[in-house]
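Peer 1: Pasting a structure here, questions to come.
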Amino acid sequence: MKRTFFGTDGIRGPYGGPVVNESFFSRLGAAAALWLAKRHRTGAKVYIGRDTRASGASLADALGTGVMAAGAQPLYVGVVPTPAISRAVSHGSAGLGAVITASHNPASDNGVKFFGPDGSKLTDAEEAALEKLIIGTVVPPIAIELAAESVLESYVEAATRILSPGALRGWRVALDTANGATCATSPAVFAALGAQVLGLGDKPDGLNINRAVGSEHPEGLARLVMEGGASFGVAHDGDGDRCILCDEKGGVLDGDEVLAILATHALRKGTLASRTLVVTVQSNLGLDRAVRQAGGKVVRTDVGDRYVAERMRVEGATLGGESSGHILSFDLSPTGDGLSAALKVAGVMAETGRPLSELRKVMQKFPQRTAALEVHHKKPIESLSGLQSAIRGLEASLGSEGRVLVRYSGTEPKLRFLVEGPTAAAVADGIGRLVYAARAELDAH
């Protein structure tokens, strides 16, 4: 369903731009309250949290101003991980949750993610309905002081209960919190479970979120694991809804490998609901093979963790996620939660007595390569005849031993390419052919 402002994961863009600014966010807050009223939730509570970006406080105030002006009750919960807002909404009486964040993007960007009454992200149809209410909405320039409420304590307590008391006693855990929203929560949980925490990216200043740290830059985590003799490492993104792991030898694991470990372990125990794992079209074919060999099946969706969540509900599945590190485990949370995912992997390590470097061997990746081109205009991919010809030719040459994915980013002005195949050489050649064909038809760099 076509939307104007919302992308793959909420609204996101440069702070001060045409969409991510205080004026628009106040109108957006009012539209959200009107949307709630149309759903017979007049005067409902709306939790508003944010990550550590310097622009977050004023955007949260603006959103809250709009919410209050349109008749709902905004409650400011401060700097919190995204999954903490999701949990608070699903466990409380709020009608909506909003997190001011641009996830893994740099501090110069910001945005917002919305969560409905059950703690799930809004659907395409719900976002489209909310967008219609923004047009023509005017919010008077009033100064308000948002009422405050804390959700961190209950989130930390719930995360700590994922493992038994003292389960990580004697462990060293390297933890990169990306100078973001998890700086106060993830270290507290690991410490409460008995682990010695080696910290990285834990000094946010409003401008350094995701800067050379976090899930997009795991090289620092790998060094910390090796230098500190850690049992394993965890890297979050700026808002804490995903994680990338590092084994005790410094090897980095992406979301596919995390899912492979959790899914195959659950299959062996007979606890994987519907014997089904839900992933996106981005995930490596090696994940399908690992799950299939363990007696399960993999179902794929479009890119975006909310599409994964929607399909999980259809399939009756409780585990799913993305290669980027969004891991959804419905027995713990209605949305992606990097801390919960890391704790579940730690639980598998503790239960089996095997290090992460051994557990990851359950999945052997197919050679894969990705690329991206920045574009000025997102021309319909189907209209690019040269690129379409290159895609068809590559798919024919790879056959059943590979796949090709070409799509526009939902959050950035980029055309993304993914090629998987039987050999690294075939993949490198294929990605080169696609990029060359796209450059010939697009104003790209």
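The values are calculated or read from the model by the stated rules, or taken from the named source; none is laboratory data. For clarity, every value in this text was computed on a predicted model and none was experimentally measured. Reconstructed Cβ throughout: ideal geometry from the backbone, glycine too, with neighbour counts over all protein chains shown. We work out accessible area using only protein heavy atoms, side chains counted, and drop any ligands, DNA or RNA first. Shrake-Rupley method; radii C 1.70, N 1.55, O 1.52, S 1.80 Å.
Peer 1: Which order do Y155, Y436 take when ranked by solvent-accessible area (1.4 Å probe, heavy atoms of all protein chains), largest first?
Peer 2: Y436, Y155
Peer 1: A follow-up question, please. Of the residues G194, G399, G250, which exhibits the maximal mean-square fluctuation in a Gaussian network model of the chain defined by a 10 Å Cα contact cut-off?
Peer 2: Maximum among the listed residues: G399.
Peer 1: Need the full-extension length gain, K361 to I144, defined as separation in residues times 0.36 nm minus the C-alpha distance. One decimal, nm.
Peer 2: 72.6 nm
Peer 1: For the chain, modelled as a Gaussian network with Cα springs under 10 Å, which listed residue fluctuates most, I11, I244, I431?
Peer 2: Comparing I11, I244, I431 in a Gaussian network model of the chain, the most mobile one is I431.
Peer 1: What part of the accessible area of the chain, given as a whole %, is carbon or sulfur when the probe is 1.4 angstrom?
Peer 2: Carbon with sulfur: 52 percent of the solvent-accessible area.
Peer 1: Okay, moving on. Under 11 Å from the Cβ of V213, count the other residues' Cβ atoms, weight Lys and Arg +1, Asp and Glu -1, and hand me the total.
Peer 2: So the surrounding residues net to -3.
Peer 1: How big is the chain in terms of Cα radius of gyration and Dmax, in angstroms?
Peer 2: 21.7, 63
Peer 1: Kindly rank 408-421, 345-358, 56-69, 266-279 from highest to lowest mean number of other beta carbons found within 10 Å of each residue.
Peer 2: Ranked by mean Cβ neighbours within 10 Å, highest first: 56-69, 408-421, 266-279, 345-358.
Peer 1: Taking a probe of 1.4 Å, how large is the accessible area per residue of the range 102-200, in Å²?
Peer 2: Normalised by residue count, the accessible surface of the range 102-200 is 41 Å².
Peer 1: Indicate, rounded to the nearest 5 percent, the antiparallel portion of the DSSP beta bridges found entirely in the chain.
Peer 2: Roughly 55 percent of the beta bridges in the chain run antiparallel, per DSSP.
Peer 1: Kindly report the accessible area of the range 28-69 per residue (heavy atoms of protein chains, probe 1.4 Å, no ligands, DNA or RNA), in Å².
Peer 2: 32
Peer 1: Over the chain, with a Gaussian network built from C-alpha contacts below 10 Å, which listed residue (A341, A294, A396) shows the highest mean-square fluctuation?
Peer 2: Greatest mean-square fluctuation among the candidates belongs to A396.
Peer 1: Using only Cα atoms, what Kirkwood radius does the range 1-75 have, in angstroms?
Peer 2: Working: mean 1/r = 0.0785 Å⁻¹.
This gives a value of 12.7 Å.
Peer 1: Show me, bin by bin at 10 Å from 0, the whole-percent P(r) of the range 334-445 based on Cα pairs.
Peer 2: For the range 334-445, the pair-distance distribution reads 13, 32, 23, 21, 10, 1.
Peer 1: Excluding residues on the same chain fewer than 8 positions from K45, give the aspartates and glutamates whose Cα lies under 13 Å from its Cα.
Peer 2: E149
Peer 1: Considering only Cα-Cα distances, which of the following residue pairs are longer than 30 Å: K38/K379; K132/K414; K121/K249; K113/K378; K297/K344?
Peer 2: K38/K379; K121/K249
Peer 1: So what is the accessible area of the range 234-342 per residue, in Å², with the probe set to 1.4 Å? Don't skip to the answer; put the middle values down first.
Peer 2: On the way: 3050 Å² over 109 residues.
Value for the range 234-342: 28 Å² per residue.
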